[in-house]
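Here's the structure we're looking at; comments come further down.
The values are calculated or read from the model by the stated rules, or taken from the named source; none is laboratory data. For clarity, every value in this text was computed on a predicted model and none was experimentally measured. Cβ sites come from the backbone with ideal geometry, for glycine too, and all protein chains shown count toward neighbours.
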Amino acid sequence: MTPAARQALVRALSALSPADEAEDRDRRLVLDFVQRHSDPFDRRLPEGHLTGSAITVSGDGRRVLLLWHRKLERWLQPGGHAEPGESAGEQVALREATEETGIPGLGLHPEAPRPIDVDVHQIPARPGEPAHAHLDLRYLVVAPPGSVPAPDLLELHAARWVAWDDVAALGPDPGLRRALAKARALVTLPDP
């Protein structure tokens, strides 16, 4: 990551208004991590690495796209690890969302903060990979009107558009609920 890219990320994280104490703690952890590592997206860092994810909403703003993840067995937003050479969370989030959903033409929401949310979560050890942290940078992404997901079913069981009022029944974790609430506030019309 270039010094300019790191400084841009530090500025963006410093400007982020946390929605709660948990996000404020995570924002401070991510800021510290970015300032301590020359390439905070590098998966070889033993303590963890930055990831990028996309809170992906339909073109009309009435639904959000959630993925049923095979390994973790829960509904999540699209996202994941940076590829070598990637140094911007937006770039990672858009690439991962396109790969995982099969939807071309995804774009960043023009008015949303970048990132819209941050979340630090622990990944348990697996064969060949020790336990580590994912320091997730979350971006609000808009799908073209009429988009139909065509997910890669190697990693996922399913991908589906979910109406905002139906999200809670899927049991998202507290950090994802927070990010979804922020997204909903930006993309939906107030109730009459």
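Look at the stretch 123-137: where a residue is closer than 13 Å to Lys71 by Cα and a partner is assigned to a strand (DSSP E or B) and modelled with pLDDT under 90, sitting 6+ places away or on another chain with Cβ atoms under 9 Å, you get Ile123/Glu129.
Between Arg114, Arg126, which is basic (Lys, Arg) and within 13 Å of Ser53 (Cβ to Cβ)? Even if it seems obvious, please write down each step before you answer.
On the way: Arg126 fails: within 13 Å of Ser53 (Cβ to Cβ).
Just one listed residue meets the conditions, Arg114.
Among the residues of the stretch 23-41, is there at least one that is within 18 Å of Ala179 (Cβ to Cβ) and not in a helix (DSSP H, G or I)? No, the conditions are met nowhere in the stretch 23-41.
Every residue, every condition in (1) modelled with pLDDT of 95 or more; (2) crowded, with 21+ Cβ neighbours inside 10 Å; (3) not in a strand (DSSP E or B), yes or no:
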{"residue": "Gly61", "(1), (2), (3)": "no, no, yes"}
{"residue": "Leu65", "(1), (2), (3)": "yes, yes, no"}
{"residue": "Lys71", "(1), (2), (3)": "no, no, yes"}
{"residue": "Pro84", "(1), (2), (3)": "no, no, yes"}
{"residue": "Arg95", "(1), (2), (3)": "yes, no, yes"}
{"residue": "Glu100", "(1), (2), (3)": "no, yes, yes"}
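Gln77: polar (S, T, N, Q), touching a Leu at 6+ places or on another chain (Cβ under 8 Å) and surrounded by 14 or more Cβ atoms within 10 Å (Cβ to Cβ), yes or no? Criteria met by Gln77.
Taking the stretch 106-129 as the range and being exposed (fewer than 11 other Cβ atoms within 10 Å of the Cβ) and outside any strand (DSSP E or B) as the test, the residues that pass are Pro110, Glu111, Pro124, Ala125, Pro127, Gly128.
Sort through Leu137, Leu106, Leu186, Leu170 and tell me the only one that's within 28 Å of Ala22 (Cα to Cα) and modelled with pLDDT of 95 or more.
Details: Leu106 fails: within 28 Å of Ala22 (Cα to Cα); Leu186 fails: modelled with pLDDT of 95 or more; Leu170 fails: modelled with pLDDT of 95 or more.
Among Leu137, Leu106, Leu186, Leu170, only Leu137 is within 28 Å of Ala22 (Cα to Cα) and modelled with pLDDT of 95 or more.
Of the residues making up the stretch 25-41, those that are surrounded by 14 or more Cβ atoms within 10 Å (Cβ to Cβ) and under 19 Å from the mean Cα position of the chain (by Cα) are Asp26, Arg27, Arg28, Leu29, Val30, Leu31, Phe33, Val34, Asp39, Pro40, Phe41.
Those residues that are among the β-branched types (Val, Ile, Thr), assigned to a loop (DSSP other than H, G, I, E, B) and crowded, with 18+ Cβ neighbours inside 10 Å, I need them from the stretch 130-170; list them, please.
Residue satisfying the conditions is Val167 alone.
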